[in-house]
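Participant: Just passing along the structure, written as structure tokens.
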Amino acid sequence: MALTCIQLCQRCTSLLRSRSVGIITLQYSTDAQHWPAALRNSFIVPVLPSVLQRSQSPCQTRQRWNLGVRSYCESHAKVQPKHRNTDELPGTDMVPYQNPLSHQLRDGGMHLKEWETALDLDDAPGHSALEEISHEEAVRMDIPAALPPVSISLKDYVNGSETLSKLVQLGVQLWKLEQRPNVGSMLLRLDFQTDVTPRLVFLKQLGVEDSRLGHLISHNPFILTESLENLQARVAYLRSKKFSAESVASMVSRAPYLLNFSVKRMDNRLGFYQQQLGLSAQKTRDVVARLPRLLCGSLEPVKENLKICKLEMGFRENELQHIVTVIPKVLTANKRKLTQIFDYIHNTMNIPHDLIVKFPQVLNAKYLRIKERHLFLQYLDKAQYDPAKPNYISLDKLVSLPDEAFCTEVASATLKDFELFQKTISYRQTPGLLRDDTIHEDGDVKEALRRLPEKVYNDRMFRLKRALDLSMKQAVLPKEQWTQYEEDVHYLEPYLKEVIRERKEVEEWSKK
């Protein structure tokens, strides 16, 4: 009790440093049964004199202050709000204390009245920087750690944070994490020994390779805040569904968010794929083990692709089962890319459904590769995909072989001939495009396009719209409008190189 009151008084002294004046009202009970035993034997009343009297020695002042506060607490003194009238004192058995030594107490010319004392809280003795303290007091001192500098980048906190420094050693890309809201502050609050180490040990025991830990945490830092009980329960569920230990480790490495989802959600996802695809439990496990993000991502793209495969492409249920079993990525592929590839294979190359089902990997190939190779074979008069006719070329060899093997084994031509064809015919003939018109628009390309001159940008948009119109009409440009070799200017390349160089400089600077 005494220690609590001492701490309260010290806090009040530090908070009320604006020379505010507090009113201390002292009361004691007139009923002897409420008195402590020590007070019934010898009642000591001069409490405030020992508090207010000054001494030349700071140590003695502090000791008298503590003694006075302790005596004040033991004598049932109470600190109350300002009472200017004695009628406001609560209780009928409580009477104001009249200090018999009030005429002896003066502080700055201020008299102590009968039952209330005006006490300047700013005059309370403070600690001096030159004051000597004992060894016991020094041991009890709690010195807060220095705050890290205020910064918007985690790199300024790495040297002062064990968690961040260890994560960097694991290969975690902090520059990616700091761009996500609230992730940086979450990492700074984590303790490496109590929060991070147990989860790293868990992942290591699960079978995740050391080289994959940095990649996993870079994509899913929230796994460091998941409880070990939940992580163990989710792994136990996967093992109960007869996923092997190697499969679980591979799934966690390739789908970082897998263990953040509850057991109920994973069970619902497995049931959905088994029911919608009509697969057995074993085949469902194989599909999910090969593409574990099926348990993490949204179901809407999957439902949309299944609808497209059945209604627009015309695949039967058993054909769709075979396609998904061989190429699970069909379920999560971009809808526009999937329909574009199927349209070109089925309508332009005249490949029937049964051949597509026999070689479903063609649906996962690059559209430009299929188109260039088909046009090259057509130019050589070798585009024959019917297995019942001579000089048959399988779709597997068409899309899976590298360029050199494709030229020698399939086209019976040299790689130089194929490269020359790519430069002079492929995208220039059919849609009338330039090479830089076919570059995939990622973040760097979009920034480079923004920096193009207005005329160059407008010409690009005209060629793209014309190519889209030709594709919808299944038409080809007249020969006089084909793009000539000398006209194929790499108009975007210098701007793109500049953007990539600037981005790499920013990344290197952020890593320092």
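Participant: In segment 321-345, how many residues are open to solvent by less than 50 Å² (accessible area, probe 1.4 Å) and within 16 Å of Gln474 (Cα to Cα)?
Facilitator: 5
Participant: A further question follows. Where the second residue is in a helix (DSSP H, G or I) and open to solvent by 40 Å² or more (accessible area, probe 1.4 Å) and the first is over 14 Å from Val326 (Cβ atoms) and lies in segment 281-301, which pairs have Cβ atoms under 6 Å and are six or more apart or on separate chains?
Facilitator: Listed by first residue and then by second, the contacts come to Thr284/Gln274; Pro292/Arg254.
Participant: Against the definition (of a type in the set (D, E, K, R), crowded, with 18+ Cβ neighbours inside 10 Å and in a helix (DSSP H, G or I)), how does Arg239 come out, yes or no?
Facilitator: On the way: of a type in the set (D, E, K, R): yes; crowded, with 18+ Cβ neighbours inside 10 Å: no; in a helix (DSSP H, G or I): yes.
So Arg239 does not fit the description; no.
Residue-by-condition table, conditions (1) in contact (Cβ under 8 Å) with a residue 60 or more places away in the chain; (2) touching a Phe, Trp or Tyr at 6+ places or on another chain (Cβ under 7 Å):
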site	(1), (2)
Asn334	no, no
His353	no, yes
Leu368	yes, no
Leu380	no, no
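Participant: I'm told Trp175 meets every condition in (1) modelled with pLDDT of 75 or more; (2) assigned to a loop (DSSP other than H, G, I, E, B) except one. Can you identify the failing condition by its number?
Facilitator: Just one mismatch for Trp175, condition (2).
Participant: Which of the residues that make up segment 186-211 are open to solvent by less than 50 Å² (accessible area, probe 1.4 Å) and outside any loop (DSSP other than H, G, I, E, B)?
Facilitator: Within segment 186-211, the first condition is being open to solvent by less than 50 Å² (accessible area, probe 1.4 Å), and the residues that meet it are 186-187, 190, 192, 195-200, 202-203, 206-208.
Listed by number, the residues that qualify are Met186, Leu187, Phe192, Asp195, Val196, Thr197, Pro198, Arg199, Leu200, Phe202, Leu203, Leu206.
Participant: Condition first: assigned to a loop (DSSP other than H, G, I, E, B), on the phi > 0 side of the Ramachandran plot, in contact with a helix residue (DSSP H, G or I) (Cβ under 9 Å, 6 or more places away or on another chain) and open to solvent by 60 Å² or more (accessible area, probe 1.4 Å). Can you find one or more residues in segment 469-477 that meet it?
Facilitator: If we filter segment 469-477 for residues that are assigned to a loop (DSSP other than H, G, I, E, B), which is where we start, we get 474-477.
Still in the running and on the phi > 0 side of the Ramachandran plot: 474.
From the residues that got through so far, the ones that are in contact with a helix residue (DSSP H, G or I) (Cβ under 9 Å, 6 or more places away or on another chain) too are 474.
Now drop any that are not open to solvent by 60 Å² or more (accessible area, probe 1.4 Å), which leaves 474.
Within segment 469-477, one or more residues are assigned to a loop (DSSP other than H, G, I, E, B), on the phi > 0 side of the Ramachandran plot, in contact with a helix residue (DSSP H, G or I) (Cβ under 9 Å, 6 or more places away or on another chain) and open to solvent by 60 Å² or more (accessible area, probe 1.4 Å).
Participant: Tally time: how many residues in segment 323-338 are assigned to a helix (DSSP H, G or I) and closer than 24 Å to Phe243 by Cβ? Break it down stepwise before answering.
Facilitator: Going through segment 323-338, the residues assigned to a helix (DSSP H, G or I) turn out to be 323-326, 328-331, 335-338.
The next check asks that each one be closer than 24 Å to Phe243 by Cβ; those that pass are 323-326, 328-331.
Of the residues in segment 323-338, 8 are assigned to a helix (DSSP H, G or I) and closer than 24 Å to Phe243 by Cβ.
Participant: Any idea which of (1) at pLDDT 90 or above; (2) open to solvent by less than 40 Å² (accessible area, probe 1.4 Å); (3) over 21 Å from Ala289 (Cβ atoms) is the one Gln169 doesn't satisfy?
Facilitator: Answer for Gln169: the failing condition is (2).
Participant: Kindly establish whether Ile341 is under 28 Å from Leu470 (Cα atoms) and in a loop (DSSP other than H, G, I, E, B). Steps first, please.
Facilitator: Details: under 28 Å from Leu470 (Cα atoms): yes; in a loop (DSSP other than H, G, I, E, B): no.
No.
Participant: Taking the criterion of being over 28 Å from Glu209 (Cβ atoms) and buried (at least 16 other Cβ atoms within 10 Å of the Cβ), would at least one residue in segment 283-290 satisfy it? Before the answer, list the steps.
Facilitator: Narrowing segment 283-290 to residues over 28 Å from Glu209 (Cβ atoms): none.
No; the residues of segment 283-290 include none that is over 28 Å from Glu209 (Cβ atoms) and buried (at least 16 other Cβ atoms within 10 Å of the Cβ).
Participant: Related question: Looking at segment 444-456, which of its residues are open to solvent by 60 Å² or more (accessible area, probe 1.4 Å) and within 28 Å of Thr339 (Cα to Cα)?
Facilitator: Hit for segment 444-456 is Lys446, nothing else.
Participant: Only residues that are in a helix (DSSP H, G or I) and touching a His at 6+ places or on another chain (Cβ under 9 Å): list them for segment 286-322, please.
Facilitator: Within segment 286-322, Glu319 is the sole residue that qualifies.
Participant: Out of Phe406, Phe359, I need the residue that is touching a Ser or Thr at 6+ places or on another chain (Cβ under 7 Å) and surrounded by 15 or more Cβ atoms within 10 Å (Cβ to Cβ). Which one?
Facilitator: Working: Phe406 fails: touching a Ser or Thr at 6+ places or on another chain (Cβ under 7 Å).
Criteria check complete, one pass: Phe359.
Participant: Among the numbered criteria (1) over 23 Å from Tyr367 (Cβ atoms); (2) in contact with an Asp or Glu (Cβ under 6 Å, 6 or more places away or on another chain), which one does Tyr495 miss?
Facilitator: (2)
Participant: In segment 449-465, which residues are in contact with a helix residue (DSSP H, G or I) (Cβ under 9 Å, 6 or more places away or on another chain) and within 18 Å of Asp488 (Cα to Cα)?
Facilitator: Leu449, Leu452, Tyr457, Arg460, Arg463, Leu464, listed by residue number.
Participant: For segment 362-370, state whether one or more residues are of a type in the set (A, V, I, L, M) and in contact with a Leu (Cβ under 6 Å, 6 or more places away or on another chain).
Facilitator: From segment 362-370, those of a type in the set (A, V, I, L, M) are 362-363, 365, 368, 370; that's our starting set.
Going one step further and asking which of them are in contact with a Leu (Cβ under 6 Å, 6 or more places away or on another chain), we end up with 362.
The answer is yes, given that some residue of segment 362-370 is of a type in the set (A, V, I, L, M) and in contact with a Leu (Cβ under 6 Å, 6 or more places away or on another chain).
Participant: For the subset of segment 262-285 comprising residues that are assigned to a loop (DSSP other than H, G, I, E, B) and in contact with a helix residue (DSSP H, G or I) (Cβ under 7 Å, 6 or more places away or on another chain), which member is farthest from Leu206 (Cα to Cα)?
Facilitator: From segment 262-285, those assigned to a loop (DSSP other than H, G, I, E, B) are 262, 278-280; that's our starting set.
Subset that is in contact with a helix residue (DSSP H, G or I) (Cβ under 7 Å, 6 or more places away or on another chain): 278-279.
Numbers: Gly278: 31, Leu279: 28 Å.
If we take residues in segment 262-285 being assigned to a loop (DSSP other than H, G, I, E, B) and in contact with a helix residue (DSSP H, G or I) (Cβ under 7 Å, 6 or more places away or on another chain), then Gly278 is farthest from Leu206 (Cα to Cα).
Participant: Would you say Arg234 is open to solvent by 20 Å² or more (accessible area, probe 1.4 Å), closer than 24 Å to Leu294 by Cα, modelled with pLDDT under 95 and not polar (S, T, N, Q)? If you could, list the steps in order and put the result at the bottom.
Facilitator: On the way: open to solvent by 20 Å² or more (accessible area, probe 1.4 Å): yes; closer than 24 Å to Leu294 by Cα: yes; modelled with pLDDT under 95: no; not polar (S, T, N, Q): yes.
So Arg234 fails the test.
The values are calculated or read from the model by the stated rules, or taken from the named source; none is laboratory data. All of these numbers come straight from a predicted model, not from anything done at the bench. Methodologically, a virtual Cβ is constructed for each residue, glycine included, from the backbone with ideal geometry; neighbour enumeration extends over all protein chains shown. Remember, those area values only see protein heavy atoms, side chains included, never the ligands or the DNA or RNA. Shrake-Rupley method; radii C 1.70, N 1.55, O 1.52, S 1.80 Å.
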